[in-house]
Amino acid sequence: MAVKCREVMELHELYLDRALEAGARISLEAHLSGCSSCQKQLEELGTLDARLERAVAPVGDPTFAAEVMHRIRIDHTPAAQPLRRTFSMRSLISHAGIAAAAAVLAIALWPKQGDTEGPIVRWASGNATAAGQLLRRDASFLPGQTLEVAPGGRLAWTDARGTVQQLAPFAGDAARARLESEGVTRLDRGLLTVSAVDPIEIRSPLGSARLEGGTVASLRREDDRGLMMDVHEGRATLEGSDRRLELRAGESGRVVADGPERVLPPEPIDLAPWEAKVDELEAENRKLHERGKGLEQEVLSLTAQLTEALTNNQQLGERLLQIESTVTEAQVQALMDDFETSAQVGMLYPLVAEAIQLAPRFREMGSRGIDLLSEVISTSDSSEQRLLAVLILRRIETPAVIPPLQAALQIKDEAGNMARQIAAAGLSIIDAEAMSSVLRSRFEAENEDIGVRINSAIGLARMGDRPAIDFLVDMYRDESADPRDREGALQALLVANRPEAAPLFREIATDEKVEIGVRAAAFSFLGDVRDQQSLELVQKVADDPAVPAEIRKVAQRAYNRITGTDFYR
Amino acid sequence: MTAQQKHPETAAEDARIVSQVLTGDREIYGRLVEKYQDRLYSILFSILRNHDLALEICQDTFLRAFNALHLYDSTYKFSSWLFRIGVNLSFNKVKRLKLERKTTDRSVEVARLGGGESGIPPALQTEETKKVIWEAMEQLPENYRTALTMRYFEGLSCKDIAEVLGVTPNVVSINIHRGKKLMQRYLKDYAIKG
């Protein structure tokens with residue numbers, strides 16, 4: 001069958017219901033009118049339709065409808081009530097064999113209100129009987145009849161004055177009671193709740209209770225375990241074999257075979273202190289919450305400060321590097337200045353310039369470049385070439401230049417002590433423990449050129465070598481020494497940047513006889529040392545208007561560096 | 001003839017009875033019981049395939065419908081609403097019995113569910129022609145069988161069946177058609193054998 005045919009057949013029931021939309025209907029009709037296969041199928045299925053319709057199966061129980069109606073009459077309760085099959089009732093009616101039996105029974109149990117005397121049933125569920133006869137809502141019963149309510153059921157009635165009594169099973173047993181006369185109920189077993197309009201008496205084999213008008217109370221009677229009463233509203237008296245109890249609203253009492261016992265209501269709980277405690281805790285909670293918010297702010301601010309400090313620290317590091325290189329350049333400059341007056345100055349100046357230019361290229365060449373320079377030092381005849389090689393090596397600043405510079409420490413030629421001084425300076429700025437013995441041999445050689453000794457002392461001083469530092473400090477303090485050597489020592493101490501030299505620099509910094517540039521360099525040094533004394537000095541000078549502006553500015557920068565702040569801008 | 005034309009006065013008459021019941025005339029509800037008991041029973045039997053269970057659920061359905069009558073929305077057909085209650089109760093019963101069968105050994109009582117019994121309502125067991133129809137129906141998948149019984153025993157439209165079963169009318173139309181095709185085949189086989 002084509003897909004179209006199958007679709008048509010499957011939608012045909014909707015078509016019969018006239019439930020197809022116009023488009024689908026027209027399309028289906030068009031197809032049907034032209035499709036003999038579909039027509040044939042519909043014809044065949046049509047005969048089935050008729051057979052199916054006739055195949056409705058009857059319930060097969062002639063009393064079915066009557067029984068349903070009977071159930072409706074007796075079970076006229078809200079939908080939430082569970083519905084149970086009344087097998088006994090059903091079989092009774094079935095055996096009777098006539099629907100009329102159900103109708104007769106139903107009418108018998110359905111008295112019209114007002115036609116009868118005695119209490120009226122307001123509620124009946126489950127199996128509740130009066131003198132063995134089933135009770136339903138709106139029915140009535142007579143005083144003297146025994147009422148029974150099976151487990152799961154409940155029976156409530158009102159008397160002529162409006163007092164409501166409700167009987168329910170208790171502790172799994174059927175409840176049993178009897179109305180002795182108007183205003184007197186006998187409770188044999190079960191739970192009886194009474195809402196009294198007029199005074200009423202409840203009797204039981206173990207004792208009795210009298211309820212005043214307007215009292216609401218519940219009474220429980222379980223075999224020989226006594227009679228228990230809870231008074232919810234009003235007043236009542238519970239009387240046992242030897243004693244009587246006056247009970248008020250909220251009180252409970254029990255009469256047992258041995259005598260009455262009074263059960264007092266529990267002590268009322270004073271909530272006030274607890275409420276105060278709750279208020280207190282809530283206030284504390286609010287405070288903590290506020291504090292939490294404050295702490296959060298504090299943490300945020302600290303984080304910001306920390307970030308700033310880290311940034312400052314980085315800037316400081318960069319600045320220190322800058323200063324160091326400046327100082328190194330300054331040293332070269334000093335060297336050049338030294339030799340400006342010397343005969344060799346004409347030779348050194350252009351060589352330094354050339355070395356500064358060539359050094360990066362040799363550095364890039366790595367070990368090959370250093371080998372080349374070593375070769376120049378050991379083989380060249382030209383003192384000028386050798387000096388240039390040393391100047392370049394000194395600027396490469398890697399441990400690889402140690403052997404050639406060490407070799408250069410031996411050079412003695414027309415250029416005098418120049419190559420050796422530069423080699424010593426170069427070795428001094430390389431961070432290598434191995435350097436110390438080489439430098440020490442030069443530094444301690446009494447007959448060595450003073451410039452070579454000073455330059456060797458730089459490296460030793462950098463490593464914290466006390467004799468080297470002291471040598472440089474003494475050299476500077478020695479006013480009889482060559483001013484160039486004194487200045488060289490000072491430069492060396494600046495490069496070494498050791499805190500041991502701080503006392504000297506504090507002296508220099510405050511010594512008005514010392515020229516301004518040197519004092520400024522001293523303050524810069526103290527800014528790196530960062531001890532308490534230096535800080536105090538720097539702070540004092542930074543704020544002292546009497547101190548020359550150039551010095552004050554350096555002191556202010558030093559203060560900023562020590563404190564890690566931007567206090568002075 | 002369409003399904004809805006089969007009971008032309010049904011809807012209006014049912015609505016009138018329902019409103020009379022709600023205004024205090026409980027006894028008139030008996031008319032609705034008598035009117036729908038066989039069709040409801042047929043549908044329930046087709047689901048439960050057990051006479052006692054079908055009868056019990058049938059009774060429960062009428063009682064529940066009575067107690068919930070104030071909730072009935074008269075824009076829908078009373079029969080659809082009634083059958084929906086019945087079908088739901090049956091499905092719940094089947095589920096519960098299947099669960100019981102799984103968890104207890106009391107298989108005798110529930111073995112008849114799902115094909116243990118002949119699947120023919122007791123009242124039809126001597127009526128050869130109708131019995132054949134039920135035998136054929138017995139072999140249908142449950143969703144086809146339920147749709148077919150509602151369509152033919154109650155004459156519900158696809159839309160009404162869809163409401164009761166909680167599916168779309170298209171699905172109902174398809175299920176009815178496929179159910180009929182299967183029925184046709186079973187009945188042919190039966191004729192050949194017979």
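The values are calculated or read from the model by the stated rules, or taken from the named source; none is laboratory data. Bear in mind the structure is a predicted one, so any value in this text is a computation, not a measurement. A quick note on method: Cβ atoms are made from the backbone with ideal geometry, for glycine too, and the neighbour counts reach across all protein chains shown.
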Might you let me know whether segment B:164-179 holds any residue that is within 23 Å of residue A:7 (Cα to Cα) and modelled with pLDDT under 85? yes
Filter segment A:538-554 for residues that are part of a helix (DSSP H, G or I) and acidic (Asp, Glu) and give the result. A:550
Scanning segment A:138-188 for residues that are of a type in the set (D, E, K, R) and either surrounded by fewer than 16 Cβ atoms within 10 Å (Cβ to Cβ) or closer than 16 Å to residue A:125 by Cβ (or both) gives A:138, A:148, A:154, A:161, A:173, A:180, A:182
Examine segment A:521-537 for a residue that is more than 56 Å from the chain's Cα centre (by Cα), surrounded by fewer than 16 Cβ atoms within 10 Å (Cβ to Cβ) and in a helix (DSSP H, G or I), and state whether such a residue exists. no
Looking at segment B:162-188, which of the residues that are within 9 Å of chain A (Cβ to nearest Cβ) and among the β-branched types (Val, Ile, Thr) is surrounded by the most Cβ atoms within 10 Å (Cβ to Cβ)? B:172
Checking the conditions here, which among B:45, B:62, B:66 is more than 27 Å from residue B:143 (Cβ to Cβ), within 10 Å of chain A (Cβ to nearest Cβ) and modelled with pLDDT of 85 or more? B:66
Segment A:538-550, residues that are surrounded by fewer than 21 Cβ atoms within 10 Å (Cβ to Cβ) and under 21 Å from residue A:501 (Cβ atoms): A:539, A:540
Index of the failed condition, residue A:24 passing every other in (1) in a helix (DSSP H, G or I); (2) within 14 Å of chain B (Cβ to nearest Cβ); (3) touching a helix residue (DSSP H, G or I) at 6+ places or on another chain (Cβ under 6 Å): (3)
Residues being in a helix (DSSP H, G or I) and closer than 23 Å to residue A:523 by Cβ: count how many of those fall in segment A:458-483. 12
Does residue B:57 satisfy being closer than 15 Å to residue B:164 by Cα and touching a Ser or Thr at 6+ places or on another chain (Cβ under 7 Å)? no
Within segment B:142-162, does at least one residue satisfy the condition of being in contact (Cβ under 8 Å) with a residue 40 or more places away in the chain and of a type in the set (Gly, Ala, Ser)? yes
Among residues of segment A:121-137, those that are at pLDDT 80 or above, crowded, with 20+ Cβ neighbours inside 10 Å and within 60 Å of the chain's Cα centre (by Cα), counted: 0
Restricting to segment B:8-33, give me the number of residues that are within 19 Å of residue B:67 (Cβ to Cβ) and either assigned to a helix (DSSP H, G or I) or polar (S, T, N, Q) (or both). 17
Enumeration of residues in segment A:370-409 that are modelled with pLDDT under 80, within 22 Å of residue A:428 (Cβ to Cβ) and either more than 60 Å from the chain's Cα centre (by Cα) or in a helix (DSSP H, G or I) (or both): A:399
Is it the case that some residue within segment A:52-75 is more than 13 Å from every other protein chain (Cβ to nearest Cβ) and at pLDDT below 80? no
Picked from segment A:30-48 (must be in contact (Cβ under 8 Å) with a residue 12 or more places away in the chain and more than 10 Å from chain B (Cβ to nearest Cβ)), the residue surrounded by the most Cβ atoms within 10 Å (Cβ to Cβ) is A:38
